[in-house]
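J.: Input: one structure, supplied below.
All of the numbers you see were taken from the coordinates with simple rules; none came from a lab. Treat the numbers as computed from the prediction; the structure is a model and nothing was measured. Here the Cβ positions follow ideal geometry from the backbone for every residue, glycine too, while neighbour counts run over all protein chains shown.
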Amino acid sequence: MKISVYHAPEEFPTAGTFDCAIAIDVLRATTTMCCALEAGADSVQAFSDLDELMTTSEEWAADKRVRIGERGGKMMPGCDLGNSPLEVTRDAVAGRRLFMSTTNGTRALNKIKPVTMVLTAALTNRQAVVDFLKDEQPGAIAMVSSGWEGSYSLEDTVCAGAVIDGLMPVLPKDWMGNDEAVAAHALFVQWRDSLDVLLQQASHGQRLLGLGNTADLEFCAKLDIVNTIPIQREPGILIAHARG
Ligand code: MLT
């Protein structure tokens, strides 16, 4: 395995050849996705564009869909939920498709969707992702942070580092695909015992705290508490892969 980390979707090289691409948006889209699928959601369909989400979801029966729309940390009008992992309970999502558009997370997924194997990672499902990669052994892996509107984010980078750390015992000596991957691992090693503090210091963490989302922040900082990996079944549509 050779691992590269990209700090924002815009950095993901279109000409690159990867066997596996992993979208990361710890705050909060990829945390919400793994929680929703673990709670029994049928699938997640990601949209960059909210109007497209509305039009496509109209074709589904109201009791078989959940619309999740977020911009700038706030729920969008016309949506059912606003991208909180604590809201995607069994009652709210079981058996339904999530139609989801968020500021950065769904953009990252859109960027990597042509890759053969696409999954999403968060701190909450880190170990499940590590176990999956150990089983599948993809050669070249890209971890793509959602960042914030094209720029770096601490929480996504530390999550990439956490995945690398979990894989470390099985990685070859030349595992590093770029310098960012080495830096991501160092960030995780530095903060592994205080991920909650790191998320509070992160700029999007500050934004969410300002909006009163303290409980979301605490939840998103928890390591290895979800066993489900969202995995792409067809471009833009993810289903659950449960850890065996
Ligand atoms: C995003 O896609 O930027 C996030 O998930 C924003 C959020 O809802 O916290």
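J.: Quick one: of the DSSP bridges fully inside the chain, what percent are antiparallel, nearest 5?
T.: 30
J.: For the stretch 1-41, just list the percent of Cα-Cα distances falling in each 5 Å bin from zero outward, please.
T.: Once binned at 5 Å, the Cα pair distances of the stretch 1-41 give 5, 17, 23, 19, 15, 14, 6, 0.
J.: Follow-up. Near residue 4, within a Cβ-to-Cβ distance under 11 Å, what is the net charge of the other residues, with Lys and Arg +1 and Asp and Glu -1?
T.: Once positives and negatives cancel, what remains is -2.
J.: Based on alpha-carbon positions alone, could you give the equivalent ellipsoid semi-axes of the stretch 21-73 from the gyration tensor, as √(5λ), descending, whole Å?
T.: Over the Cα atoms of the stretch 21-73, the ellipsoid semi-axes are 19, 15, 10 Å.
J.: I'd like the Karplus ³J(HN,Hα) series for the stretch 148-158: coefficients 6.51, -1.76, 1.60, θ = phi - 60°, whole numbers in Hz, and an x wherever there's a Gly or Pro.
T.: Ordered by residue, 3J(HN,Hα) equals 9, 6, x, 10, 4, 9, 4, 5, 6, 5, 5 Hz.
J.: Turning to a different aspect of this structure: In terms of modelled amide H atoms, which long-range or inter-chain residues lie less than 5 Å from the amide H of residue 233?
T.: Excluding prolines and chain starts, which carry no amide H, the hits are 238, 239.
J.: On to the next question. What is the ratio of the Cα radius of gyration of the chain to 2.2 N^0.38 Å, where N is its residue count, to two decimals?
T.: The reported ratio for this selection is 0.92.
J.: Now for a separate question. Assuming R0 = 22 Å, what is the FRET efficiency of residue 224 and residue 179, from their Cβ-Cβ distance, to the nearest 0.05?
T.: Efficiency at R0 = 22 Å is approximately 0.25.
J.: Ok, one more. Note down the nm distance, to one decimal, between modelled labels 7 Å out along Cα→Cβ at residue 134 and at residue 171.
T.: Using points 7 Å along Cα→Cβ, the separation is 1.5 nm.
J.: Follow-up. Please express the shape of the stretch 11-124 as an equivalent ellipsoid: the semi-axes are the square roots of 5 times the eigenvalues of the C-alpha gyration tensor, given largest first in whole angstrom.
T.: 23, 15, 14
J.: Taking every alpha carbon pair in the stretch 79-169, what does the distance histogram look like in 10 angstrom bins from 0, in percent?
T.: 13, 41, 37, 9, 0
J.: Okay, moving on. Sequence-distant or interchain residues sharing an amide H contact under 5 Å with residue 71, placed H: which?
T.: 76
J.: While we're here: Determine, for 199, 238, the number of other Cβ atoms within 10 Å of each Cβ, and report the residues in order from fewest to most.
T.: Placing the least packed residue first, the sequence is 199, 238.
J.: Using the Cβ atoms and a cut-off under 15 Å, what net charge is assigned to the surroundings of residue 72, where Lys and Arg are +1 and Asp and Glu are -1?
T.: For residues surrounding residue 72, the net value is +1.
J.: Place a point 7 Å from Cα of residue 233 in the direction of its Cβ. Which residues in the stretch 110-146 have their backbone N less than 16 Å from it?
T.: 118-120
J.: Taking every pair of alpha-carbon atoms in the stretch 156-218, give the share separated by more than 13 Å as a whole percent.
T.: Within the stretch 156-218, distances greater than 13 Å cover 64 percent of Cα pairs.
J.: Let me ask something else about it. Taking amide H positions as placed in the peptide plane 1.01 Å from N, state which residues far from residue 65 in sequence (5 or more) or on other chains have amide H under 5 Å from it.
T.: 97
J.: Of the options 199, 242, 225, report the single residue whose Cα projects farthest towards the positive end of the charge dipole of the chain (beta-carbon charges: Lys, Arg +1; Asp, Glu -1).
T.: The residue sitting most towards the positive pole is 242.
J.: When the Kirkwood radius is taken over all Cα pairs of the stretch 111-216, what Stokes-Einstein diffusion coefficient follows at 25 °C and 0.890 mPa s, in µm²/s?
T.: Using the Kirkwood radius from Cα pairs, D works out to 166 µm²/s.
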